[in-house]
Amino acid sequence: MSQTVQQKIEQLRKELQQHNENYYLLDEPSITDFEFDSLLKELQDLEAQYPEFYDDNSPTIRVGGGITKIFPTVQHQFRMYSLDNSYDYNDLEDWEKRIIKTISEPVEFVAELKYDGASISILYENGKLTQAVTRGDGFQGDEITSNVRTISDIPITLKGDFPERFFMRGEIYLTRKNFDKINKLREEEGLDPFMNPRNTASGSLKMQDSGEVRKRRLSSVLYQFISQEVPAETHWELLEKSKEWGFRTSDHIKLCKNLDEIKEFINFWDVERHHLPFEIDGIVLKVNSLQQQRQLGYTAKSPRWAMAYKFKAEKVETELQSVSYQVGRTGAITPVANLKPVLLAGTVVKRASLHNEDIIKKLDLHEHDFVFVEKGGEIIPKIIAVNPEKRDAGSKEVQYIKNCPECGTELVKVEDQAIHFCPNYLHCPPQVVGRMIHYVSRKALNIDNLGSETIEQLYREKLVENPADFYALTKDQLLPLERMAEKSAQNIISGIEKSKEISFEKVLYGIGIKHVGETVAKKLVKNFNTIDDLKNATLEELCQVEDIGMKIAVSIVDFFNNPENILMIERLRSFGVQLEKGENTNEVVSNVLEGKTFLFTGKLSLFTREAAEEMVEKHGGKNISAVSKNLNFLVVGEKAGSKLKKAQDIGTIEILDEQQFLDLIEKQ
């Protein structure tokens, strides 16, 4: 039986890897997304049922889900140098002259797009992805392997005649389309949009939950092979070989014989870059011959055989017409400059974020100033300077508002920060609406067909003021709304009714307690079975929960001290919303670990920490968060540190490796 299961698992892995290659590398998908997801789900179920067949190169690794608290620092075997920058053709001519002085034979160059993202170094051993490390300071970076494995166009397993051990360097980035999707979701949930794809890609790589990283749909381009033994004579050949092994390299490269051909490539992309589906901020030029590269060598900071030509950030001058202020779901106030419309980088710009009061003061912004607006790497334009020569003599300084523009409440400034916020979170309209949008969002109650526009309409009509009001809605109340048909109204009512089945942890996340995100909500539900248990918890009891500090604990206590919040909770209860842990939340399949406590430490390779903790609970055991005399078993992965030492010092704690933990479940 086990052999048949193993064969099925291996067949599914092979099939899914081929479909991944067809989709991401060949751009020739052979099955639908639904069919792919069905195969992936089948493999996930089999791997969960038979953990003994775990393989860290399985396509299911793409799904992620592991939680990484600390990213270990790793030394780069080969330093990741930065590139010298040039901003005009004089710099390039000087660079070419320096090369010609050293190299007495003809020199070819490879011109490539300079993707605007986060640099990465990926180690492959025996055709398997074994480690991924950020650039860091060039000498060492953060190990983020589990997150990089979720990026679909980075191969986990190679094909063809590849070297035994080598590094691939490249860039992780976000396409404009996926960046816009992320921001649309954030706005629907009442969160502030991200500023640009580059910072969002970089930040995504350091998220603790690899499952969330996968949802960001990051992309990659690999552009440099690094090894002690190189199976080619030129950089161009290495790029061609990399494609054969399964890597995604840039489609936009050119072999140039001289500076004139380089200039032609630069001029073309300086215009065409605005039509690309991703951001670039320049062109990278490399000497093609690897022997010539070795001859040229390195300075203290950069290779002499490469140069980055940076495009100048586009900027225009226009008039500031007014400053308005937006209120976010959390009450944070964002000032926005309303501008006389002007064409910038292919789009008409009418508004620019001013971020906060400090920026306004730094710019010395006056009413009706003429300002310089830049796009550069920012999707959202920003004001970079003021033209004081065009300022009217009687022009007044822009004064930051004192009261909320929506409800009139006096604003509060966060100490040691530049942020102002409106404290009237229960009655300030954008905060009220934002909280309800958050409640119905996909990660919370996931109420289909109840979008932000509909919620705003319902609020304007005084039909809803907090999440509990959704459950009192009737179809007759919905039908008179603009663009509301019979079917749409019924779908909303059905979606609201279905949300009563949503688990307690999602409800807890959805009601919008400040600082209680998805992960915190899960940890609270593990420790407090009902909303009443949580409501009655003391600060001390809350702080004993893993990852709950005083800031979160105070926020929870404050929430339940407010009579309006208590009334909302009671109304949710009366409508049948789940406010306690369900029977199937931690379904027990055996009692072999009953009465035993477990803690996992180090880098786990056979399963994620979250999956391990679920196994403990399903077999009747209990997870605890710290090494103490109450701990029965410490399960250690690679690089186990202080927890292992402390357990050894106590002496009564049994120490297991991952396989011994699985054997413990099987044997008993």
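Nothing in this text is a laboratory measurement; each read-out follows from the coordinates by a stated rule. Quantities reported herein were computed from a predicted structural model and do not represent experimental measurements. Cβ: placed from backbone, ideal geometry, glycine included. Neighbour counts: every protein chain shown.
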Legend entry - the range 76-168: GluC sites (Glu not before Pro) in DSSP loop, at most 10 other beta carbons within 10 Å: Glu164
Inset, instruction - Rank the residues Leu222, Leu343, Leu185 as a footprinting-exposure proxy: fewest other Cβ atoms within 10 Å of their Cβ go first. - result: Leu343, Leu185, Leu222
Legend entry - Difference of contour (0.36 nm per residue) and Cα-Cα distance, Gln6 to Asp532: 184.7 nm
Inset, instruction - Within the range 425-464, report the GluC sites (Glu not before Pro) that DSSP leaves as loop and that have at most 13 other Cβ atoms within 10 Å. - result: Glu461
Inset, instruction - Step through the table entries Lys257/Lys310; Lys523/Lys603; Lys184/Lys402, compare each Cα-Cα distance with 24 Å, and write down the pairs that go over it. - result: Lys184/Lys402
Inset, instruction - In debye, nearest 20, what is the charge dipole magnitude of the chain about its Cα centre with +1 on Lys and Arg Cβ and -1 on Asp and Glu Cβ, if you could check? - result: 760
Legend entry - Cα-based reach from Lys462 at 18 Å (exclusive), listing aspartates and glutamates while leaving out same-chain residues under 8 positions away: Glu406, Glu453, Asp476, Glu482, Glu564
Legend entry - Residues Phe109, Phe167 arranged by fewest to most Cβ contacts within 10 Å: Phe167, Phe109
Inset, instruction - Identify unpaired cysteines across the chain, taking unpaired to mean no other cysteine Cβ lies under 4.7 Å from the residue's Cβ. - result: Cys256, Cys543
Inset, instruction - Treating cross-link reach as a plain straight distance, find the aspartates and glutamates whose alpha-carbon is under 16 Å from the alpha-carbon of Lys629, omitting any fewer than eight places away in the same chain. - result: Asp649, Glu654
Legend entry - Unsatisfied cross-links (Cα-Cα over 21 Å) in the set Lys14/Lys215; Lys618/Lys645; Lys315/Lys340; Lys215/Lys443; Lys215/Lys551; Lys526/Lys551: Lys14/Lys215; Lys618/Lys645; Lys215/Lys551
Legend entry - Selection of trypsin sites (Lys or Arg not before Pro), the range 352-453, meeting DSSP coil and at most 13 other Cβ within 10 Å: Lys396, Lys402, Arg442
Inset, instruction - Specify whether the C-alpha gyration tensor of the chain places it in the rounded, prolate or oblate class, a ≥ b ≥ c being the square roots of the eigenvalues: rounded for a/c under 1.5, otherwise prolate if a/b is larger than b/c and oblate if not. - result: oblate
Inset, instruction - With N set to the residue count of the range 463-510, report its C-alpha Rg divided by 2.2 N^0.38 Å to two decimal places. - result: 1.25
Inset, instruction - Provide the gained length on full extension for the span Glu317 to Ser82, in nm with one decimal, where the gain is 0.36 nm per separating residue minus the Cα-Cα distance. - result: 81.3 nm
Inset, instruction - Find how many whole Å separate the alpha carbon centroid of the range 611-660 from the alpha carbon centroid of the range 331-401. - result: 55
Legend entry - Two-decimal log10 I(q)/I(0) for the range 587-668, as the Debye equation yields it once each C-alpha is a single scatterer, q = 0.11 Å⁻¹: -0.25
Inset, instruction - May I ask you to list the aspartates and glutamates whose Cα is less than 14 Å away from that of Lys350, ignoring any residue fewer than eight positions away on the same chain? - result: Glu317, Glu319, Glu374
Legend entry - Net lengthening on full extension, Lys645/Ser104 (0.36 nm per residue, minus Cα-Cα): 188.7 nm
